[in-house]
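J.: For reference, the structure I am asking about is given below.
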Amino acid sequence: MALVTTAEVCDTNPQLIVSGELRALQPIFQVYGRRQIFSGPVVTVKAYEDNVLIREFLEEKGDGRVLVVDGGGSLRCAILGGNPVVRAQNNGWAGIVVNGCIRDVDEINGCDIGVRALASHPMKANRKGVGEKHVPITVGGTRISDGEWLYADTDGILISRTEASV
């Protein structure tokens with residue numbers, strides 16, 4: 001699959017921007033992981049300061065999907081660390097976008113996967129299993145649903161209702 005940049009997607013699909021089918025997330029995410037450009041169908045999870053559901057997803061086969069985590073924007077602890085990211089890489093996930101913090105940045109930056117998060121934080125999250133899978137979430141000022149498509153590169157992150165053509 002050819003790598004598609006977010007600028008190409010925007011420039012080729014102005015009608016989708018006007019209709020709201022193609023949306024850009026606010027530019028609030030830091031870039032982690034070796035894969036600078038990634039895209040794929042979205043899987044959503046809502047998990048505030050708890051990483052159990054996130055870890056469960058990343059232990060599944062990724063099949064080129066992107067896990068989008070609504071961590072409520074918490075800057076109080078990391079809800080994603082190095083071990084789950086290594087698992088995600090090995091299980092074929094294209095990327096992970098976290099509306100919250102990560103840790104083990106050096107380990108994550110060594111992985112061939114795309115990761116976006118608000119920041120890094122040394123404290124780990126709770127492990128109570130609180131949260132919801134496959135629910136509509138709002139991340140970066142944008143409503144995101146399971147099955148939509150995410151495109152990410154160093155310019156930003158786009159969400160499209162369907163796979164965009166370029």
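The values are calculated or read from the model by the stated rules, or taken from the named source; none is laboratory data. Keep in mind the model is a prediction, meaning the values are calculated, not measured. Cβ coordinates were reconstructed from backbone atoms using ideal geometry, including for glycine residues, and neighbour counts include every protein chain displayed. Note: areas computed on protein heavy atoms with side chains; ligands, DNA, RNA excluded. Shrake-Rupley method; radii C 1.70, N 1.55, O 1.52, S 1.80 Å.
J.: Restricting region 95-109 to residues that are β-branched (V, I, T) and assigned to a helix (DSSP H, G or I), which is least open to solvent (accessible area, probe 1.4 Å)?
T.: By that ranking, first place goes to I108.
J.: Okay, moving on. Which of (1) within 16 Å of I137 (Cα to Cα); (2) more than 13 Å from the chain's Cα centre (by Cα) does R34 not meet, given it meets every other one?
T.: Here R34 meets the rest and fails (1).
J.: What number goes with the only condition from (1) part of a strand (DSSP E or B); (2) under 21 Å from H134 (Cα atoms) that E60 does not pass?
T.: Checking E60 against (1) part of a strand (DSSP E or B); (2) under 21 Å from H134 (Cα atoms), the one that fails is (1).
J.: Of the residues that make up region 148-155, is at least one touching a strand residue (DSSP E or B) at 6+ places or on another chain (Cβ under 7 Å), part of a strand (DSSP E or B) and of a type in the set (S, T, Y)?
T.: yes
J.: Can you name every residue in region 70-85 that is of a type in the set (A, V, I, L, M, F, W, C), in a helix (DSSP H, G or I) and more than 15 Å from the chain's Cα centre (by Cα)?
T.: Listed by number, the list is empty, since nothing qualifies.
J.: Still on this structure: Any idea how many residues of region 110-137 are in contact with a Phe, Trp or Tyr (Cβ under 7 Å, 6 or more places away or on another chain) and open to solvent by less than 30 Å² (accessible area, probe 1.4 Å)?
T.: Summing the residues that are in contact with a Phe, Trp or Tyr (Cβ under 7 Å, 6 or more places away or on another chain) and open to solvent by less than 30 Å² (accessible area, probe 1.4 Å) in region 110-137 gives 5.
J.: Pairs under 6 Å by beta carbon, first residue of a type in the set (A, V, I, L, M, F, W, C) in region 119-137, partner part of a loop (DSSP other than H, G, I, E, B), six or more apart or different chains?
T.: Filtered contacts from region 119-137: M123/C77; A125/E49; A125/N51; A125/C77.
J.: Filter region 12-51 for residues that are out of contact with any helix residue (DSSP H, G or I) (no Cβ under 8 Å at 6 or more places or on another chain) and hydroxyl-bearing (S, T, Y); which is surrounded by the fewest Cβ atoms within 10 Å (Cβ to Cβ)?
T.: Checking each candidate, the answer is S19.
J.: Based on this model, can you work out whether V86 counts as open to solvent by 50 Å² or more (accessible area, probe 1.4 Å) and either modelled with pLDDT of 95 or more or not aliphatic (A, V, I, L, M) (or both)?
T.: no
J.: Taking region 138-166 as the search range and keeping residues that are touching a Lys or Arg at 6+ places or on another chain (Cβ under 9 Å) and among the hydroxyl-bearing types (S, T, Y), which one is surrounded by the most Cβ atoms within 10 Å (Cβ to Cβ)?
T.: Selected residue: S160.
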